[in-house]
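Asker: Can you read through this structure? Questions will come right after.
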Amino acid sequence: MTFIIIKLHLNNLIMEEGKQLESFEAKIAAGHKIEPKDWMPEAYRKQLIRMMSQHAHSEIVGMLPEGNWITRAPSLRRKAILLAKVQDEAGHGLYLYSAVETLGVDRTELLHQLHTGKAKYSSIFNYPTLTWADIGAIGWLVDGAAIMNQTALARGSYGPYSRAMVRICKEESFHNRQGYEIMMTLAKGTSEQKQMAQDALNRWWWPSIMMLGPSDDQSPNSDQLMRWKVKMESNDAIRERFIDRTIPQAEFIGLTIPDKDMKFDEKTGHYSHGKINWDEFFDVIKGNGPCNAKRLKDRNDADKNGRWVRDAAIAYAEKQLKEKQAS
Amino acid sequence: MSNDSQWPVWEVFLQGNPGIPHKHVGNVHATDAEMAIQNARDVYTRRSEGISIWVVPANAISASSPEDQGAFFEPSNDKPYRHPTFYKIPEGVKYL
Amino acid sequence: MDIQQAKFQYLLRLGDSSLIIGHRLSEWCGHGPILEEDIALINIALDFVGNATSILAYAGKVEGKGRSEDDLAYLRDEREYRNLLITEQLNGDFATTIARQFIFDTYMYFLYEELKNSKDETIAAIAQKSHKEITYHLRHTTQWMFRLGDGTTESHERLQNGLNDLWMFTSEMFEMDEIDALLISEGIAPDLSIIKANWEKRVNEVIAEATLQIPTTLFKQKGSREGKHSEHLGFLLAEMQYVHRAFPNATW
């Protein structure tokens, strides 16, 4: 008897869940956003937490390779622009963490995952910024690639993520332009400056096209994520668009894309690129990139050194509250 | 020693221009109201987006839930007489 | 020394102090105690760099030798820099940075309040704009004085140590020489003894409310008026200027 009741109950639950899934998918198909308190499948929630927190961590870790050039920026104008830009990245990290928090994971936990190496961030920030031109290359290529991805994600189904993306895209286009402006100025400058620009392009090109993620045949699970509008486009489609847009920009300032096999395909109307070194990509993701250890150490140090400050602010606020209640 | 903490969350509302209502823009972490206002200023008005800021501890906000949607908001759908367009006024009658 | 030369030197003092303290603050980028404070520190650094740019651009004009703000920032050596010694001191821990910022922000707040009335229109206009920014900086650092001073035992100790270490650089801020005398008589610059009285009053109040002690350091450092700096400035400038200097005559 009990068994039957449990079984009935379970059936009801499954039916209930089936109905909820149906209405969830219908909502998304109709172009509505899913909000934090709405019912959502566990897989949707998990995938979003993974994607959004990776995205947030990338913004924060991304402050390091660029931030270390603020003190060396070659003009006061460039220094101010770079400060404003890196500040934006911090702001973007903040918007994204707060979007993840709507799914019930708090920032303390998210940062713990980053600091212990459990959470990933974009592979690109594990490459070093060696010259001033790297700041140009990051703005032009890395932010350029990121924008491709983010404009797509702004149409995604999860309300808080999509709204954060809209805001981020608006701010990000200045980043892209200032990077291109740096490269253009260098390319038009002295021969040493032009060489510096070309060298930066040579080093950042491949990591930039890799950062858009593994090619579609190696990226499983995409169908459901596309249907749920968690992912909006395949990695290869975004990569193709990025390459198509970037090549003419490089040509315009007289720089050469470091890919001998790159050519325009009349039939498809797109550029086809040479073989991507995916071994390198997965190696960097695994933690073996040139700067993985340094980036993680810097983040951990900041967190550890900031602990007493965070504690002090809480202690002070508690004291103030007690005084207020006493009076 | 207590657990490490990224501080409590405060929801942020900005007034974009004089005369219009404050609008929710996001949140910040802070230990007191003054800090929340300053953090909101630094995070959400970097491009002159606001002239006034409200901050509210996130845990002080109560919200209706998605399940309430039908009971709360649908009943007003069948009361078209609350809208001025429901009433037909002959042409030529002014100031109505 | 004529007024023009005096004004040029005076502008270097103002501009260099902002540039150097802005540089120090920007070193915090990505290393702050919490994301929100990282953003706040970068914001303040950005204001300082902006203020330095306006002042150095004007200094170049006053000098009349065709030097731009970048020429002045990137192509002068330590001995030609006129920033206050306190601005070049190392960040140390967050408490030391807050102590440095509080000491300097309070000074700058009262100084720029007076500079708003300068008979030199450009200086008055720059001060008008900058004073709004400084008002905010001071509010930010003052709050941190209270939080750290009256927070935990550790934060209290750290902040008191920071104040003690930096106190020897405070009296230099109010030193006056013939440049000040000349510009005061012309109504271009304020009498620093007035600034000093305001500064002392405010600093004493905040330190008391933050449950801290006024340091008893008697030894005083000075020298920035003649370009005699601490050893820190050389390293700072080496970092700041190297790209610019490695490519002479390049534009960026």
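None of the figures in this text is laboratory data; all of them are computed from the coordinates on show. Model, not experiment: these values are computed from the prediction. Cβ sites come from the backbone with ideal geometry, for glycine too, and all protein chains shown count toward neighbours.
Asker: Tell me which residues come under 5 Å, amide H to amide H, from A:ILE34 once H is placed; ignore anything under 5 positions away on its chain.
Answerer: A:TYR158, A:GLY159
Asker: Could you derive backbone 3J(HN,Hα) for the stretch A:312-326 from the dihedral phi with the Karplus parameters 6.51, -1.76 and 1.60 (θ = phi - 60°), listing whole Hz in sequence and x where the residue is Gly or Pro?
Answerer: 4, 5, 5, 4, 5, 4, 5, 4, 4, 5, 4, 4, 5, 5, 5
Asker: Let me ask something else about it. Near B:LYS79, which lysines are there with a Cα under 23 Å away, not counting those fewer than 8 places off in the same chain?
Answerer: B:LYS88
Asker: Here is a follow-up. I need the calculated FRET efficiency for the pair C:GLU175 and A:LYS188, taking r as the beta carbon distance and R₀ as 56 Å, to the nearest 0.05.
Answerer: So, using R0 = 56 Å, E works out to roughly 0.75.
Asker: Further question: Once label points are set 7 Å from the Cα along Cα→Cβ at both A:ALA237 and A:HIS32, what is their separation, rounded to one decimal in nm?
Answerer: 2.5
Asker: Neighbour counts of other C-beta atoms within 10 Å: give me C:MET108, C:MET168 arranged from fewest to most.
Answerer: Ranking C:MET108, C:MET168 by Cβ neighbours within 10 Å, fewest first, gives C:MET168, C:MET108.
Asker: Related question: Would you work out the relative contact order for the stretch A:225-327, in percent, from Cα pairs under 8 angstrom that are 6 or more residues apart?
Answerer: That works out to 12 percent.
Asker: Just tell me how shielded A:294-305 is by partners: mean number of partner chain Cβ atoms within 10 Å of each residue's Cβ, no decimals.
Answerer: Mean number of neighbouring Cβ atoms from other chains: 2.
Asker: Which whole-number percent is the relative contact order of the stretch A:142-239 (Cα, under 8 Å, 6+ apart)?
Answerer: RCO, the stretch A:142-239: 36 percent.
Asker: What aspartates and glutamates sit close enough to A:LYS275 to cross-link, taking a C-alpha to C-alpha distance under 15 Å and skipping anything fewer than 8 places away on the same chain?
Answerer: A:ASP216, A:ASP217, A:ASP236, A:GLU240, A:ASP259, A:ASP261
Asker: Give the average, rounded to an integer, of partner chain Cβ atoms located within 10 angstrom of each Cβ in A:89-102.
Answerer: Partner-chain Cβ atoms within 10 Å, mean over residues of A:89-102: 5.
Asker: Across the stretch A:189-201, in residue order, what do the Karplus-derived ³J(HN,Hα) couplings come to in whole Hz, using 6.51 cos²θ - 1.76 cosθ + 1.60 with θ = phi - 60° and x for Gly and Pro?
Answerer: My calculation for the stretch A:189-201 gives x, 5, 5, 5, 5, 5, 5, 4, 5, 5, 4, 5, 4 Hz in order.
Asker: Also, I was wondering about something else. Quick one: 3J(HN,Hα) in Hz for the stretch C:55-72, Karplus 6.51/-1.76/1.60 with θ = phi - 60°, rounded, Gly and Pro as x.
Answerer: For the stretch C:55-72, the Karplus curve yields 5, 5, 4, 5, 4, x, 5, 4, 5, x, 10, x, 7, 8, 4, 5, 4, 5 Hz.
Asker: Can I ask one more? If the cut-off is a Cα-Cα distance under 13 Å, which aspartates and glutamates reach A:LYS37, setting aside same-chain residues fewer than 8 apart in sequence?
Answerer: A:GLU101, B:GLU67, B:ASP68
Asker: Considering every pair of different Cα atoms, what Kirkwood radius, in Å, is found for the stretch C:81-198?
Answerer: Every distinct Cα pair counted, the radius reaches 15.3 Å.
Asker: State, to one decimal in nm², a quarter of the convex hull surface area for the C-alpha atoms of the stretch A:87-207, i.e. the direction-averaged projected area.
Answerer: Taking the Cα atoms of the stretch A:87-207, their convex hull projects to 8.1 nm² on average.
Asker: Per the helix-only calculation at 222 nm, which mean residue ellipticity applies to chain A, given -39500 (n - 2.57) for every DSSP H run of n ≥ 4 and division by its residues, nearest 500 deg cm²/dmol?
Answerer: -22500 deg cm²/dmol
Asker: First select every other residue whose beta carbon is under 14 angstrom from the beta carbon of A:ASN300; then total the charges, Lys and Arg +1, Asp and Glu -1.
Answerer: My count for the surroundings of A:ASN300 gives +3.
Asker: Let me ask another. Just going by the charge dipole of the protein assembly as shown, with Lys and Arg at +1 and Asp and Glu at -1 on Cβ, which of A:ALA80, A:VAL309, C:PHE146 is farthest out on the positive end?
Answerer: A:ALA80
Asker: Can you give the mean number of other chain Cβ atoms that lie within 10 Å of the Cβ atoms in peptide A:64-70?
Answerer: 4
Asker: To the nearest 20 debye, what charge dipole does the protein assembly as shown have about its Cα centre, counting +1 at the Cβ of each Lys and Arg and -1 at the Cβ of each Asp and Glu?
Answerer: It comes to approximately 1020 debye.
Asker: So how far apart, in nm, are the two label points at B:PHE72 and C:ALA246 if each is 7 Å from Cα heading toward Cβ?
Answerer: Placing both labels 7 Å beyond Cα along the Cβ direction yields 5.9 nm.
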